[in-house]
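First the structure, in the form of structure tokens, and then the observations on it.
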Amino acid sequence: MTTGAFLHAVNQPPPLEGYDLFSENRPLVEALRREGGGAEEERCAAFGAHCGQGPLELGRLANEYPPVLRTRDRFGERIDEVEFHPAWHELLGLGVEHGLHSLPWREQENGHVVRAVLFMTLGYAEAGVGCPLSMTFAAVPALRSSAPELAGEWEGRLTSTHYEPGPRSHLDKTGALCGMAMTERQGGSDVRANTTVADRSGDVYRLNGEKWFCSAPMSDAFLVLAQARDGLTCFLLPRLLDDGTRNGFRIERLKDKLGNRSNASAEIRLEDAVAHRVGDEGRGVATIIEMVVHTRLDCVLGSTALMRRAVAEATHHAAYRTVFGRQLIDQPLQSNVLADLCLDSEAATVTALRIARAFDEGDHAFRRLATAVAKYWVCKATPPLVAEALECLGGNGYVEESGLPRLYRESPVNSVWEGSGNVNCLDVLRALGREPESREAFRDELALARGADRHLDAAVERLDAELEAADEPGARRLVELLALCLQGSLLVRHAPSDVADAFCATRLGGEGGRAYGTLPTGVDTAAIVERHRPRLG
């Protein structure tokens, strides 16, 4: 051997890159076909193949070099600009180019299902850009329903596939993005406690106050809640005015967040900021409800993407790593852990796509309850899954270069955003009480699997009793059971029997434990893992 030559590392898995992120996700491919988007499979595969290449590295760079706030220019003039790494712009531009912020509004047929698949596929590479894409996506239905004139002015730009960053008036752009600034320090999710004031000034309003969380502060416009004369009201606030001058929108600082670090979240101050009313005065909460339903769907999609990425990394590592003379994937206990992870990943996938179809079909009754239920449970289940997947890589998983620590830090965010766990559970109780048609639609969905699995049937009976006794102290228990029954119903109808039987036995039948890797004897764990393991070309 030549002096100084490097030894080739042995027993190291090849990098999980350069593969089709969509086509190698078999449950997602099946769900796309089943839920009405099969005609767009080639489109999704092309996007998946692209995202499996450069975007994976772009995601790392966008987090390695997070955004930086510049409040003033070299002359001391206020500019309130956030600088992003070029990787961020490339990723966000990719999402805009493929309509992840607008596809259902541009292509009516099966637009939500196809967008859900594309949104999750980009989310495997990087989750941060999902925030501005989601905010913009959700702003359109709010404007359409409550401010048709504003929709006429803004919708063409908000649905454009041209990404145009930079501080210019929206009148000088063909494409625009929308952020949100709802919550304040003293209220948080209790937005009725907001103190930002909106005073009418001719055809517009002037807003003054502070917002504790502003999502995507470099957007071209923001949906904002403020107190008008007749109560809490929703407004559209442009970052720059029509003539290109800066609105009274001041960025105080960027949040130093646990995860989601590629994306900027800010504390802002509004100083006589010009804004346009969206909906009637005093109807702010009602105005944003439709928007919140859409962003909650995206929370489900984002968490499902994180689950899938974690499962892909864990199963890939186990397929190539040899320990104690055998590959990890062939060792019974490790196979049990991996299969257990796969069950929750597939359950989240089928749930996300079924709800997306409900949006396409205009099934308001089902989506109203199912979205809140899934938002609570899928987002709540993500952190423990990612933690276990990280452990599958051993010490290597705890090292930043593996990518798993970034996923782990990202994993709690969707459970916090758009209403934390308790807020969503209370919303479920509200829907059950005020919209009985949503309860019936949910029950009808579960009934489609009646008689297919004894554990599921017994759980649905328990659910009926829980629904009759629903109260606030037991809300989390009820919502968890609603979610698991929905997931079990979908898996029984659409997944291989190995997956469905194991899920129902452990999640509904009490045959599993509280930690991953506790599937009962007799489960074909190898078949489940093989279904979820990505294959490199």
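Data table
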{"read-out": "Length added when fully stretched, ASP230-GLU440, from 0.36 nm per residue minus Cα-Cα", "value": "72.0 nm"}
{"read-out": "Gained length - ASP172 relative to ARG430, 0.36 nm times residue gap less alpha-carbon distance", "value": "88.5 nm"}
{"read-out": "The chain - mean residue ellipticity at 222 nm from DSSP helices (-39,500 (n - 2.57) per run, n ≥ 4, rounded to 500)", "value": "-16500 deg cm²/dmol"}
{"read-out": "Loop-located trypsin sites (Lys or Arg not before Pro) in segment 36-127 whose Cβ has at most 15 other Cβ within 10 Å (DSSP)", "value": "ARG74"}
{"read-out": "Net dipole in debye of segment 315-469 [+1 Lys, Arg Cβ; -1 Asp, Glu Cβ; about Cα centre; nearest 20]", "value": "240 debye"}
{"read-out": "Accessible area of GLU271 in the full protein assembly, 1.4 Å probe (Å², nearest 10)", "value": "70 Å²"}
{"read-out": "Segment 349-459, relative contact order in percent, only Cα pairs under 8 angstrom and at least six apart counted", "value": "31 percent"}
{"read-out": "Length-normalised contact order for the chain - Cα pairs under 8 Å, 6+ apart - percent", "value": "15 percent"}
{"read-out": "Check: the chain dipole with +1 on Lys, Arg Cβ and -1 on Asp, Glu Cβ, in debye", "value": "700 debye"}
{"read-out": "Segment 362-395 and segment 11-40: distance between their alpha carbon centers, rounded to Å", "value": "19 Å"}
{"read-out": "Rounded FRET efficiency, nearest 0.05, which uses the C-beta distance separating ARG514 from THR322 and R0 of 25 Å", "value": "0.25"}
{"read-out": "Virtual spin-label span in nm between ARG78 and ARG200, 7 Å along Cα→Cβ", "value": "2.7 nm"}
{"read-out": "Percent accessible area from carbon and sulfur atoms, the chain, protein chains only, probe 1.4 Å", "value": "49 percent"}
{"read-out": "Inter-centroid distance (Cα atoms) of segment 127-203 relative to segment 417-431, Å", "value": "23 Å"}
{"read-out": "Whether segment 317-395 is rounded, prolate or oblate, judged on the alpha carbon gyration tensor where a/c under 1.5 counts as rounded", "value": "prolate"}
{"read-out": "Computed FRET value (nearest 0.05) for VAL399 with ARG70, which takes r as the C-beta separation and R₀ as 25 Å", "value": "0.15"}
{"read-out": "Accessible-area value, ASP360, 1.4 Å probe, nucleic acids and ligands omitted, Å²", "value": "40 Å²"}
{"read-out": "0 to 90° range, to nearest 10: angle between helix 364-392 axis and the chain longest Cα axis", "value": "60 degrees"}
{"read-out": "Inter-probe distance in nm under a simple model that places probes 7 Å from Cα toward Cβ, at GLU271 and HIS364", "value": "4.3 nm"}
{"read-out": "Cα-based shape type of segment 206-303, given that a ≥ b ≥ c are square roots of the gyration tensor eigenvalues and the cut on a/c is 1.5", "value": "oblate"}
{"read-out": "Gain in span if fully extended, ALA465 to ASN422, counting 0.36 nm per residue against the direct Cα distance", "value": "13.3 nm"}
{"read-out": "By accessible area with a 1.4 Å probe, ligands and nucleic acids excluded, highest first: order of ILE79, ILE528, ILE289", "value": "ILE289, ILE79, ILE528"}
{"read-out": "Prolate/oblate/rounded label for the chain (Cα gyration tensor, a/c 1.5)", "value": "oblate"}
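The values are calculated or read from the model by the stated rules, or taken from the named source; none is laboratory data. If you're wondering where the values come from, they're calculated on a predicted model, not measured in any experiment. Reconstructed Cβ throughout: ideal geometry from the backbone, glycine too, with neighbour counts over all protein chains shown. Note: areas computed on protein heavy atoms with side chains; ligands, DNA, RNA excluded. Shrake-Rupley method; radii C 1.70, N 1.55, O 1.52, S 1.80 Å.
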